[in-house]
Amino acid sequence: MLRYSLKRLISLVLSLAVASLVIFFVIEIAPGDPASFMLGLNAQPDTVAALRSELGLDVPKIERYLSWVGGMLHGDFGTSYTYRTPVAQMVADRLWVSLPLALYALGLSTLIAFPAGIYAAARRGKPGDMAVMGATQLGVAIPNFWFAMMLVLVFAINLRWFGAGGFAGWDKGFWAGIHSLTLPAIALALPQAAILARVMRSALLDILGEDFMRTARAKGLSRRQALWRHAVRNAMIPVLTIIGLQFSFLLAGAIIIEQVFYLPGLGRLVFQAISARDLIVVESVVMLLVFAVIAVNFLVDLAYAAVDPRLRQRT
Amino acid sequence: MKRNLILGGLLSSLVVLAALISFVWTPYDVAAMDIPAKLRPPSMTHWFGTDHFGRDMFSMIMVGARTSIAVALVAVGIGMALGIPLGLMAAARKDSWLDELIMRGNDLVFAFPSLVIAILITAILGPGAVNAIIAIGIFNIPVFARITRGAALSLWEREFIMAARVAGKSQARISFEHILPNVLNLLIVQGTIQFSLGILAEAGLSYVGLGAQPPVPSWGRMLADAQTMVSLAPHMALIPGLAIVLTVLGLNLLGDGLRDLLDPKLRVRRS
């Protein structure tokens, strides 16, 4: 187990190193110098040069890369070009919107998907199963930002239950914050729930064919008891993998939904930073998201290996 | 489950047909503005109504289908053209440094938040349909590489491949002459799924203004235009959205149907 963990850890560090290289140099070759972008078309060359040296852009790329990576290891993500505030602070502020939103959406999606998937598996081939599977087909096909617009149309414009956009802020109280995140969370959760329900159903169906399920029935458990006691628990492995992946997706994938609802989240920060050529912010946020994905995968791998020794042999 | 195949095929061919017909005929000129007739709900003269410039939405949907299909199709093409050879190579040299390099590279691409990177690419290269294709296509490469490798690995153990090796064929020739034809079914099914994901991605990118640029009509941008008008003219948001949903639904059903048709083993297990 130790050998396996070490191996995975080395591959984690390598992945992060390569990812940081790719991110930094891909973004640095982007046309558009941040300094001349900020000063506008009529800026004097010496003013641009002065700003470049103030932002540290006159240093060779390799040195800037090393200081960027070095800083991140200490939790220092640099200073935003346009806002002149520490990137770490900006990211932390935005995370207060994006993280609760991702968790909220994940919670909703799990809450919908589990019963739906279990129900469909228990009634395989019957009308109930067909209805759930049909609904998931539709759920996968609906673009979440369009669904978001429809939610706004119905619940914000017609029924006036929610605001059409913006974020109330947590200082107005927990429920005010939750209230303004509800429509975005529903819009985000729907396609995820559809995927999760399908995974849950197919994982359950695989397990229902196993010998130990027949044994469970043979020792006198009813179908329902066998399903809940043995099948659901065993189906959790693939389901948890998907939930892990979905979390990182929700953290980053909210970018368009944040645009629909004018939410000040991480995605909107990246979007604004890209259009303002605030490269250091873009680099740091993308790096953070990549780190989140790689770290979640790493933890999932370790958890599996701890549970199932067979997996330690692989890779 | 022949029903999936028929329904999916019907929906998909409807969209393809609309796109093809739009090359020779649309009810109105898509660029023609008619301000007095703006924001009209669907009627006999304008089947899908008009937008905030009085343009005919039915014509725009037809031409928009063209944009969606073109972007998604080329993006799938990029993924297949690069991903399949990579997957075949990785499988042929299983456990070698090459295999390791390809698979770790795959993991790396998967770790990047695809939407953020797509936005980044279009922001770097400039917004536009071609750059949207590149952004979506890159993320198709690891998908096809992984699927090809997985399916090819089990084939390499089979006797007919062994026979080919004994006959002295090179790994490259075996990969293309014997492995590829046997994994093609799987790749076609995955291709339909990636195609539908590509349509969703294109709509998202166009919606935030990074996909096809005006005056080329695109479903995503029609939705972006509709956002501020949604209370005045709900049809402006409803119709392009439904077009996307039905297209993606059709392609997914087609993919499922094809899988059942091409792989009889699954038919028993799934039903």
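Details
- Alpha-carbon spread of the protein assembly as shown, three principal axes, descending order, Å: 76, 66, 58
- Averaging the sequence gap over all C-alpha pairs within less than 8 Å and six or more residues apart, then dividing by the number of residues, gives the range B:5-99 a relative contact order of 23 percent.
- Computed from the C-beta positions of A:Thr85 and A:Val300 and an R0 of 35 Å, the FRET efficiency is 0.50 to the nearest 0.05.
- Of the DSSP H helices in chain B, those that are both long (alpha-carbon extent of 30 Å or more along the helix axis) and hydrophobic (Kyte-Doolittle mean at least -0.5) are B:2-24, B:57-92, B:129-156, B:180-207, B:235-262.
- A straight Cα-to-Cα reach below 30 Å connects A:Lys219 with the lysines A:Lys126, residues fewer than 8 places away in its own chain not being considered.
- 3J(HN,Hα) from dihedral phi, the range A:2-13, Karplus parametrisation 6.51/-1.76/1.60, rounded to Hz, x for glycine, proline: 5, 4, 4, 4, 4, 4, 5, 5, 4, 5, 5, 5
- Derived scalar couplings between HN and Hα for the range A:140-148 equal 6, 7, 7, x, 5, 6, 6, 4, 4 Hz in order, rounded to whole Hz, by the Karplus curve 6.51 cos²θ - 1.76 cosθ + 1.60 (θ = phi - 60°), x for Gly and Pro.
- Length gained on full extension, A:Thr47 to A:Arg124: 20.7 nm, using 0.36 nm per residue less the C-alpha separation.
- Restricting the trypsin sites (Lys or Arg not before Pro) of the range B:78-117 to loop positions (DSSP other than H, G, I, E, B) with no more than 16 neighbouring Cβ atoms within 10 Å leaves B:Arg93, B:Lys94.
- Value of relative contact order over chain B, rounded to a whole percent, pairs C-alpha under 8 Å and six or more apart: 28 percent
- Each Cα pair under 8 Å and six or more residues apart adds its separation to the average, and for the range A:73-156 the resulting relative contact order is 12 percent.
- Near the amide H of A:Thr79, within less than 5 Å, lie the amide hydrogens of A:Val87, all on another chain or at least 5 residues away, with H placed in the peptide plane.
- Residue by residue, the range A:221-236 carries 3J(HN,Hα) couplings of 6, 6, 3, 5, 4, 4, 4, 6, 7, 10, 6, 4, 4, 6, 6, 5 Hz when phi is fed to the Karplus relation 6.51 cos²θ - 1.76 cosθ + 1.60 (θ = phi - 60°); x denotes Gly or Pro.
- Averaged over the residues of peptide A:144-151, the number of Cβ atoms from other protein chains lying within 10 Å of each residue's Cβ is 6.
- Over the protein assembly as shown: helical MRE at 222 nm, DSSP H runs n ≥ 4 each giving -39500 (n - 2.57), nearest 500: -24500 deg cm²/dmol
- Cα gyration tensor shape of the range B:1-126, rounded if a/c is under 1.5, else prolate or oblate by comparing a/b with b/c: prolate
- Positive-end ranking of B:Ala37, A:Ala176, A:Gly209 along the dipole of the protein assembly as shown, with charges on Cβ about the Cα centre, is headed by A:Gly209.
- C-alpha long axis of helix A:87-122 to longest principal axis of chain A, angle in °: 20 degrees
- 0 to 90° range, to nearest 10: angle between helix A:61-73 axis and chain A longest Cα axis: 50 degrees
- Kirkwood hydrodynamic radius of the range B:185-237, from the reciprocal of the average inverse Cα-Cα distance over all distinct pairs: 12.2 Å.
- Among B:Gly77, B:Gly126, B:Gly220, residue whose mean-square fluctuation peaks in a GNM of chain B (springs only between Cα atoms under 10 Å): B:Gly126
- Between B:Ala163 and A:Val154, the modelled labels are 5.9 nm apart [label points 7 Å from Cα along Cα→Cβ].
- FRET E, pair A:Leu21, B:Ile134, Förster distance 22 Å, beta-carbon r, rounded to 0.05: 0.60
- Between B:Asn185 and B:Phe53, the distance separating the two model label sites (each 7 Å from Cα on the Cα→Cβ line) works out to 4.9 nm.
- Of all aspartates and glutamates in the structure, those lying under 19 Å Cα to Cα from A:Lys7, and not within fewer than 8 positions of it along the same chain, are A:Asp301, A:Asp308, B:Asp95, B:Asp99, B:Glu100, B:Asp107.
- Taking a ≥ b ≥ c as the square roots of the eigenvalues of the alpha carbon gyration tensor, the range A:2-73 is prolate, as a/c is not under 1.5 and a/b beats b/c.
- Per-peptide average of other Cβ atoms within 10 Å, ordering A:123-133, B:173-183, A:98-108 highest first: A:98-108, B:173-183, A:123-133
- Estimated from the Cβ-Cβ distance and a Förster radius of 35 angstrom, the FRET efficiency linking A:Leu138 and B:Gln171 is about 0.20.
- Normalised Debye scattering of the range A:90-313 at q = 0.14, 0.18 Å⁻¹ gives log10 I(q)/I(0) of -0.95, -1.27, counting only Cα atoms as equal scatterers and leaving out solvent.
- Max mean-square fluctuation residue, GNM over chain A, Cα-Cα springs under 10 Å, options A:His230, A:His179, A:His74: A:His74
- Within the same chain, aspartates and glutamates fewer than 8 places from B:Lys2 are excluded, and of the rest, those with a Cα less than 12 Å from its Cα are B:Asp256, B:Asp260.
- Spacing of the two label points (7 Å from each Cα toward its C-beta) at A:Leu6 and B:Leu242, in nm: 6.3 nm
The numbers here are math on the coordinates, done by the rules we state, and not lab data. Source: prediction; values computed, not measured. Ideal geometry is used to build each Cβ from the backbone, glycine not excepted, and the neighbour counts take in all protein chains shown.
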